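This report concerns only the one structure given below.
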Amino acid sequence: MGFRSIFVFVVFLCIPFDPLFYSGLFSIDWTSLRWPTLAGIASGLGSPKWVNLNPEDQWGLLSYINLLISYIISFLIAVIWSILDKKRRSYSTLFYWILVIARYRAAYGIIAWGYKKLIPYQMELPSISYLNTPFGDFRAQKLYWQGVGIAQHYEIFLGFAEVFAGILLLFRRTTSFGAALLFAILMNIALANHAYEGGVHVHSFTFALLGLIILWPQLPSIYQLLIHGHDAEPNIYYPSFHNNWVKYIRYLFKATGASVFVFFLFYLFIKDDLGYRFPYEQPILKNATGRYDVTEFRVNNQILPYSPFDSVRWQDAIFEKWCTLTFKVNRKQQMDLDNQGNSRKSIEMRFEYAGVGGGRHYFDYQIDTIKQLLYLQNKNRAHRDQQQILHYERPNKDRIILSGINEYKDSIYVVLDRNKHDYPLYQNRRPTNKIIRK
Amino acid sequence: MARTKSWLLIHILKMSNSEISPSTAWKQWEIDIFRFTFLFIILLSFPLLDYKFYTTLFSTEINVRSILDLTKYLPQYITEIALPKWGIGSFANWGVSTIVAIILATVWRFYDKNKREYNKLYYWLRVIVRYRLAIGLIAYGFVKFFPLQVPYPSLSNLHTNYGDFYAWKIYYHTLGIVPKYESFLGFVEIAASVLLVFRKTSTIGAGIIIGFLGNVVIVNFAYDIGDHVYSSYLLLLALLVFAYDAPRLYSLLIKQQKTLANKYIPLLSSKTKHVRTILKVAFALFALTFGLLAFRNYTGNPYLLPKNPGLSGAYGFYDVKHFVFNGDTIPYSLTDPNRWQNVVFEKWSTLSLKIARPIKIDPTNGDEWHDNDLDRNYELAGTGGRHYFSYSADTVNHTLHLKNKNKYYKAEKLELSYSFPNDSTIILSGYTEKKDTIYALLERINKRYMLFEGRRKPVKL
């Protein structure tokens, strides 16, 4: 009974039932395949969505409802199965194969997840705008992610641990250790996601659950050996592959899986040097990256002095390493609750402003270097109607003068002077912590 | 003789088991490694030559922080101050212990040539290591379970730019904003510590804590936290405990074969059984006492935060609406080196100012026991952006005496009188230690923080 329900449950978790998955699979453009697509397939395990949750229910215990329903349905199916197949006393072979599915699904998933940290894309170094945003103006999830991002070596270590757990799961002999490691890491991630509102607690918990299911058969013998101090036998059954062709199919399967989800995916990762957070490849205003004081600010030719309460007058301005200009004004904006933006279109890369308050506004820009124009558009999905066209002048390397039409159709004239702030975050650090990428 | 023999770890055969016991004789390399490990651990764990430890032990004030310090003890054959804080040099005392252990092990080998096994001594070494590790873990477990080690960021720190912290401080604050998760981490340490005290569960406890400490060690290096030597020491102890059963787990799970259990169970004389009971009771008492001290400190005045309450009704973040310096009104400015930009009154007797003036940051980690609020520097350790003043208030004459908490600016003092024209306004006026006069009109800003709004419901900020 227990076995039968676990069997159906693992099928539910590991086999995608959503037709969208398959339509997505067939619409992949293989000629321009990038890692997010393949990594998404690899790590996209989880319970079928029996019910759709309201946004406000996605944080508490209710968010696990689909897993629970899957288990209840598995249990009911197991009851029927037991009635139909009363005589069977054991399902060794079937159990072996269901664990194989669980192992490979969990392994490829966690390897794909781990690669994002091993090649540190998931948490990048903070943007200059982040460096100049007060701690209390970030939502907790942002602080959690950025906290990892400031220590790129640590992120690599975390990625390595996840990939390592996955690789241990790919081999029968190291499976138990891999499953224990998977359970420990992913259980911690699930709890941290609850604490920080990270949003992937159910997904992480599903991985942890698979780890536990894989490890479960070994727990009695471990308990017997270590705690009771009795001799113990491993609770392991391998079907004999006496047929040569079964053996070859097994090797073929292993080799194909590893080629695609371990080696080819890794190749896709290292081939990509852009990551997925910031639009590094777009043209930018050259040699402008940095933070600027606003020395002079005119609206319709009237000088506005600095005030922390002014809703139009910029308090500072920041040119990022990519095509984003941010400035701080005392004006409210709709916060983006999401964390995504998996697109190469710069305006769609929403990671940098999502979940950051405090009055900093993020504008995506396109540059016309001949006319010396910046075409700016607010990145915030709720405020995309805010657009500016500003002419730039650079009297010297530390001064930029912007003039043109702002988001309220007023003419503005802004003198920016570079502020050479030396960030303590990067001071006083041992040389090994100097950063790897970019 | 019979009595001494009964000391030996006796080897129990199971009737069903036809494969008879493994030989009790150890291989020569095992004996050599054991002698070295034994000496190395003893040298690294006990204050053998360190008289200073005993003077601190008996002169120390009993509070959660000082006992935590005692549990963190590592012998200092070379004093810590003489060592580099980072890099391989910070492990110099491990080097000394290694060299001395090699020398002593060689001598031991010479005098104890015929010894074929050290089962008994290994058992006692494991006892020492298990308890030493358990004590280290329970102390750090409790100061996390009751979130003392990493407190919630102060209001001033919430008003400090991300880039103005040192990396270790960001790590601390990132943990500090989730006290429940911090408690969970403490719970893991406490649970592992209890598992380690019982011989049968010690391997499980060690297995759990290897993962935990492995992460702690890496974090200490990655964020320059500074406890890398001590956390590495605890990790070493955990690995040593785990090593005992590791071959059996390897055989069961990786080689996947029938595995013989550990047949050596210490048959203890009634006298040593007492020792065991005493150890367990002593550990339980220590854990209970420390837990209570931690709880009391947490509910009273957490040791990293100043303990005197702040000026009543003043807690909050203030805009400096009007500012006069030596008689001249200075308008809002982000660049003027005298103009206060904003002010924070903490719940405790600290006031912090934002001024466009460079700051030499307090380089310590603020993690020491100080009775005096002026010296409780966690709130400014590793933190730039703002100037921190500790104050005492004279509520009769309505004056505040402020002293800069940063040791680099000790001389900075302010004498200010205060008044509350209404609930959200404070007027401060007075003079600095350089006799510059200051007048500041403060208005409280009821700011909403993204940190508290979270991401569960739509919000406009």
Of the residues B:V344, B:V320, which single one is surrounded by 20 or more Cβ atoms within 10 Å (Cβ to Cβ), at the interface with chain A (Cβ under 10 Å from one of its Cβ atoms) and not in a loop (DSSP other than H, G, I, E, B)? B:V320
Is at least one residue of region A:346-353 within 25 Å of the chain's Cα centre (by Cα) and within 12 Å of chain B (Cβ to nearest Cβ)? yes
Can you name every residue in region B:188-224 that is within 11 Å of another protein chain (Cβ to nearest Cβ), closer than 25 Å to B:P153 by Cβ and of a type in the set (A, V, I, L, M, F, W, C)? B:V188, B:F212, B:V217, B:I218, B:V219, B:F221, B:A222
Test for B:T259: is it within 14 Å of another protein chain (Cβ to nearest Cβ), in contact with a helix residue (DSSP H, G or I) (Cβ under 8 Å, 6 or more places away or on another chain) and over 23 Å from B:Y172 (Cα atoms): yes
Take the residues in region A:45-82 that are part of a helix (DSSP H, G or I) and charged (D, E, K, R); name whichever of them is farthest from the other protein chains (Cβ to nearest Cβ). A:D57
Looking at (1) out of contact with any Cys (no Cβ under 9 Å at 6 or more places or on another chain); (2) not assigned by TED's automatic domain parsing to the domain that holds A:W30, which is the one condition that is false for A:K254? (2)
Helices (runs of 4 or more DSSP H) contained in region B:128-233 and holding at least 1 residues more than 30 Å from A:H421 (Cβ to Cβ): B:179-197, B:202-222
Mind counting the residues in region A:348-384 that are in a loop (DSSP other than H, G, I, E, B), of a type in the set (V, I, T) and touching a residue at least 24 places away in the same chain (Cβ under 8 Å)? 1
Are any residues in region B:189-206 within 20 Å of A:M187 (Cβ to Cβ) and out of contact with any helix residue (DSSP H, G or I) (no Cβ under 6 Å at 6 or more places or on another chain), and if so, which ones? B:A191, B:V194
For region A:160-180, indicate whether the set of residues that are part of a helix (DSSP H, G or I), in contact with a Gly (Cβ under 9 Å, 6 or more places away or on another chain) and of a type in the set (F, W, Y) is non-empty. yes
Any idea how many residues of region A:321-340 are away from chain B (no Cβ under 11 Å) and surrounded by fewer than 20 Cβ atoms within 10 Å (Cβ to Cβ)? 3
Scanning region B:283-317 for residues that are crowded, with 18+ Cβ neighbours inside 10 Å, away from chain A (no Cβ under 14 Å) and touching a helix residue (DSSP H, G or I) at 6+ places or on another chain (Cβ under 8 Å) gives B:F283, B:A287, B:F290, B:G291, B:L293, B:A294, B:N297, B:Y303, B:P306
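Please find, among A:V246, A:V260, the residue that is in the same structural domain as A:S92 (by TED's automatic domain parsing), touching a residue at least 24 places away in the same chain (Cβ under 8 Å) and either touching a Pro at 6+ places or on another chain (Cβ under 7 Å) or not hydroxyl-bearing (S, T, Y) (or both).
Just a single option satisfies the conditions, and that option is A:V260.
Here's the yes/no breakdown for (1) charged (D, E, K, R); (2) at pLDDT 90 or above; (3) closer than 23 Å to B:Y118 by Cβ:
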{"position": "B:L252", "(1), (2), (3)": "no, yes, no"}
{"position": "B:K255", "(1), (2), (3)": "yes, yes, no"}
{"position": "B:H274", "(1), (2), (3)": "no, no, no"}
{"position": "B:F286", "(1), (2), (3)": "no, yes, no"}
Note: among A:V299, A:V356, just one is out of contact with any Cys (no Cβ under 7 Å at 6 or more places or on another chain), of a type in the set (V, I, T) and closer than 19 Å to B:K460 by Cα, namely A:V356
Go through (1) aliphatic (A, V, I, L, M); (2) more than 14 Å from chain A (Cβ to nearest Cβ); (3) in contact (Cβ under 8 Å) with a residue 40 or more places away in the chain and name the single condition B:I445 misses. (2)
Number of positions in region A:199-217 that are modelled with pLDDT under 95 and surrounded by 20 or more Cβ atoms within 10 Å (Cβ to Cβ): 0
Counting only residues in region A:225-249 that are of a type outside the set (A, V, I, L, M) and under 30 Å from A:I189 (Cα atoms), the one farthest from the other protein chains (Cβ to nearest Cβ) is identified as A:N235
Could you list, in sequence order, the residues of region A:360-382 that are surrounded by fewer than 22 Cβ atoms within 10 Å (Cβ to Cβ) and in contact with a Pro (Cβ under 9 Å, 6 or more places away or on another chain)? A:Q366, A:I367, A:T369
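Return a yes/no flag: does region A:47-66 have any residue that is under 17 Å from the mean Cα position of the chain (by Cα) and among the β-branched types (V, I, T).
Checking region A:47-66: not a single residue is under 17 Å from the mean Cα position of the chain (by Cα) and among the β-branched types (V, I, T).
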Say whether the condition of being more than 11 Å from every other protein chain (Cβ to nearest Cβ) and either without any contact (Cβ under 8 Å) to a residue 40 or more places away in the chain or touching a Phe, Trp or Tyr at 6+ places or on another chain (Cβ under 9 Å) (or both) is met by at least one residue in region B:155-173. no
Going through region B:369-401 in order, the residues found to be under 26 Å from B:S66 (Cβ atoms) and assigned to a strand (DSSP E or B) are B:A381, B:T383, B:Y388, B:S390, B:S392
Scan region A:306-347 residue by residue and report those that are assigned to a loop (DSSP other than H, G, I, E, B) and of a type in the set (A, V, I, L, M, F, W, C). A:F309, A:V312, A:W314, A:W322, A:C323, A:V329, A:M335, A:L337
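The values are calculated or read from the model by the stated rules, or taken from the named source; none is laboratory data. Keep in mind the model is a prediction, meaning the values are calculated, not measured. We place every Cβ from the backbone using ideal geometry, glycine too, and count neighbours over all the protein chains shown.
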